[in-house]
Amino acid sequence: MSPELLDAVRLHLAEHGGEPTPARVAAALRARGRLLGDSEVLDVVAVLRSELVGAGPLEPLLADPDVTDILVNAPDEVWTDRGSGLQRCPEIRFADATAVRRLAQRLATTAGRRLDDAHPWVDARLPDGTRLHAVLPPVVVGSPCLSLRVVRSRAFTLAELVAAGTLDTETARLLRAILDARLSFMISGGTGTGKTTLLSCLLGLVDPAARIVLAEDSAELRPDHPHVVRLETRPANQEGAGHVTLRDLVRQALRMRPDRLVVGEVRGAEVTDLLSALNTGHEGGCGTVHANAAADVPARLEALGSTAGLDRAALHSQLAAALAVVIHLVRDASGVRRVAEIHVLERSADGLVVTRPALLRDARGHHERGPGWQRLAALCSVGVS
């Protein structure tokens, strides 16, 4: 079917209203003097439904269980990540930049957000959990740019992460021991290294009788656990009212009797409330943070604390008592995500918190125990030899 005829069917449906059902599509085709067989009409229905209520040309990619990221840089430049790095999809293309913009705006509307010349970017969560980010020209040069982070409907199991190479059996056993000992921990790493995936998996191993309260900017964590309360931030409305920050959520979570307080991603002033909570009897709290290495996490948290007016000495005093372990993820050149470092936190002679490597794991899976191993073993006391 020609693009011109598809456009004519779209116009007919827009004029007469209603969903693109087979009967309405057939009527639109008859109005244009075209008669098609049942299978052809159903094909047209599938195309129109994908464009009107689905993700258009991206629909097959979103349906692929292996796809974790979809990136649209131009109408004929679509990339995906299936866990082994970015790959171009030459078979997926849009008609033009206007089609990309139309899809981005419709997805933004589905998420309850605005995307237009006055608000040329959006960061939101779609109803199925997919993370949407879109930018329109002239902020982005050329075509609108669309980024989708696909959230799995269920968390990976520990065995699946071992099979994928993210962990091995020894590292998995150590992580279980950290959970059982109710140690507070942070999962660090760069973008796309699997921090949220690993955290979801670990939360599924928490005692089923425990109450987990999640505070997230965008609800991405999907722990397989029977008692989870999920809190999500909210942007201001068009009048500038109703803004709910991550810091607000952390404060509310503390009043909800959490056995495990979880911050999906620590990225601002909420770090002070989280550290305060972990210093007041909330054991086993955890979250993720962007950092280049485990050793950089104290400095990263220090920088975030400064946004809330917490000075260096106060931040490190809080950090020394609040956080015990850092689990760092990397992504190899081959695209494989893996746990590369597990560090413990200690307070040095100058009063500042530093990390000590307890377990290092290279790309070939070889382990090396570092100077922090004995401390980690003592903290866990169970399941670590």
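Okay, here's what the table says:
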| quantity | calculated |
| --- | --- |
| Nitroxide proxy distance, nm - points 7 Å out along Cα→Cβ at residue 349 and residue 283 | 3.3 nm |
| Fraction of antiparallel bridges per DSSP, the range 190-281 only, in percent to nearest 5 | 10 percent |
| Normalised convex hull volume, the range 217-369, alpha-carbon set, Å³ per residue | 149 Å³ |
| Stretchable slack from residue 236 to residue 84, in nm (0.36 nm times residue separation minus alpha-carbon distance) | 51.0 nm |
| Cα gyration tensor, the chain - rounded (a/c under 1.5), prolate or oblate | prolate |
| Computed lengthening from residue 296 to residue 74, 0.36 nm per intervening residue step minus Cα-Cα distance | 76.3 nm |
| Point-charge dipole on Cβ atoms (K/R +1, D/E -1) for the range 230-385, about Cα centre, debye to 20 | 360 debye |
| Set of the range 59-77 residues, backbone N closer than 16 Å to the point 7 Å along the Cα-Cβ line of residue 97 | 72-77 |
| Mean Cα-pair separation over length for the chain, i.e. relative contact order, pairs under 8 Å, 6 or more apart, % | 12 percent |
| Spin-label pair residue 303/residue 334, simplified geometry with 7 Å Cα→Cβ offset, distance in nm | 3.1 nm |
| Gain in span if fully extended, residue 363 to residue 256, counting 0.36 nm per residue against the direct Cα distance | 34.4 nm |
| Label point distance in nm, residue 312-residue 121, each placed 7 Å from Cα along Cα→Cβ | 3.0 nm |
| Cα gyration tensor, the range 54-151 - rounded (a/c under 1.5), prolate or oblate | oblate |
| Angle in degrees between helix 97-110 and the longest Cα principal axis of the chain, rounded to the nearest 10 | 60 degrees |
| Most mobile listed residue (77, 216, 283) in the chain, GNM with C-alpha springs under 10 Å | 77 |
| GNM top mover of 244, 135, 339 - the chain, alpha-carbon springs below 10 Å | 244 |
| GNM result for the chain, Cα springs below 10 Å: residue of 325, 353, 229 fluctuating most strongly | 229 |
| Charged-residue dipole, Cβ positions (Lys, Arg, Asp, Glu), the range 54-151 about Cα centre, Debye nearest 20 | 280 debye |
| Dipole axis of the range 54-151 (+1 Lys, Arg; -1 Asp, Glu on Cβ), positive-most option in 72, 133, 84 | 133 |
| The chain, dipole about Cα centre (Lys/Arg Cβ +1, Asp/Glu Cβ -1), debye to the nearest 20 | 640 debye |
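Each reported figure results from applying straightforward, stated rules to the coordinates on display, with no laboratory input. What you see is a predicted model; the values in this text were computed from it and never measured. Every residue, glycine among them, receives a Cβ derived from its backbone with ideal geometry; neighbour counts consider all protein chains shown.
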